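Notes for the one structure printed next.
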Amino acid sequence: MINFETALKRLADYCSRTERCISDIRRKLEAWEIAKSDQDTIIRRLQQEKFLDESRYCRAFVNDKSKYACWGAHKIKYALRKKQIPDELIRESLANLDPAENREYLRRLIEQKRKTVKGKNAFEIRQKLLRFAVGRGFDLEEVERVLSA
């Protein structure tokens, strides 16, 4: 078990390396067996000193997952909800996604997957590509448009 000041310093360092959300911090604090009242105090201090900002975290998460992991909006939204990010922040961050850029990510993702998909006929291949893209969090209608193009 570690004390309050040590936990605060470690978490400030942890947050300075990359964006974190409150649920990430709370998980660390619980693992370190920090008292609930101290957890709230540490989180408030990290927010006051700008080490922790859920809005900034949410924007970075959406950007990284859409550009680098090629996730669609539905999968990103689900992952952020799992991290207990408020719905309002999720909506704001997802609104910043460029639809044309997102469509291009989807097109490239499908083209890459098409090279490895095997099927008895064109219909079966199309269905596998559709399931794959929807599983990545893209909207069904958008996937249909890209596959039809």
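Checked against (1) under 30 Å from ARG56 (Cβ atoms); (2) touching a Leu at 6+ places or on another chain (Cβ under 9 Å); (3) assigned to a loop (DSSP other than H, G, I, E, B), VAL117 meets all criteria but (1).
Restricting TYR68, TYR78 to those that are without any contact (Cβ under 8 Å) to a residue 60 or more places away in the chain, in contact with a Gly (Cβ under 8 Å, 6 or more places away or on another chain) and under 30 Å from ARG27 (Cβ atoms) reduces the list to TYR78. Checking each residue in the range 35-62 for being in a loop (DSSP other than H, G, I, E, B) and more than 16 Å from ASN3 (Cα to Cα) picks out GLU49, LYS50, PHE51, LEU52, ASP53.
The rows are residues; the columns are (1) of a type outside the set (D, E, K, R); (2) assigned by TED's automatic domain parsing to the domain that holds ARG27; (3) not in a helix (DSSP H, G or I).
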{"position": "CYS70", "(1), (2), (3)": "yes, no, yes"}
{"position": "LYS75", "(1), (2), (3)": "no, no, no"}
{"position": "ARG81", "(1), (2), (3)": "no, no, no"}
{"position": "GLU88", "(1), (2), (3)": "no, no, no"}
{"position": "LEU106", "(1), (2), (3)": "yes, no, no"}
{"position": "ARG126", "(1), (2), (3)": "no, no, no"}
{"position": "ALA133", "(1), (2), (3)": "yes, no, no"}
{"position": "PHE138", "(1), (2), (3)": "yes, no, yes"}
{"position": "GLU141", "(1), (2), (3)": "no, no, no"}
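Within the range 36-58, one or more residues are surrounded by 15 or more Cβ atoms within 10 Å (Cβ to Cβ), without any contact (Cβ under 8 Å) to a residue 40 or more places away in the chain and within 22 Å of TYR105 (Cβ to Cβ). Out of all the residues in the range 136-147, is one or more of a type in the set (A, V, I, L, M, F, W, C) and within 16 Å of the chain's Cα centre (by Cα)? Yes.
When the range 18-54 is filtered for residues that are touching a Pro at 6+ places or on another chain (Cβ under 9 Å) and either polar (S, T, N, Q) or farther than 19 Å from LYS83 by Cβ (or both), nothing remains.
One residue stands out among those in the range 1-34 that are of a type in the set (Val, Ile, Thr) and in a helix (DSSP H, G or I): the one that is farthest from ARG59 (Cα to Cα), which is THR6. The set of residues in the range 1-17 that are under 14 Å from ALA31 (Cα atoms) and either touching a Pro at 6+ places or on another chain (Cβ under 6 Å) or small (Gly, Ala, Ser) (or both) contains only ALA7.
Across the range 84-134, the number of residues qualifying as within 16 Å of the chain's Cα centre (by Cα) and of a type in the set (S, T, N, Q) comes to 4.
Answer yes or no: is there a residue in the range 64-84 that is aromatic (Phe, Trp, Tyr) and buried (at least 18 other Cβ atoms within 10 Å of the Cβ). Yes: one or more hits.
The values are calculated or read from the model by the stated rules, or taken from the named source; none is laboratory data. Predicted, not measured: the structure shown is a model, and the values here were computed from it. When we count neighbours, we look across all protein chains shown, and the Cβ atoms used for this are built from the backbone with ideal geometry, even at glycine.
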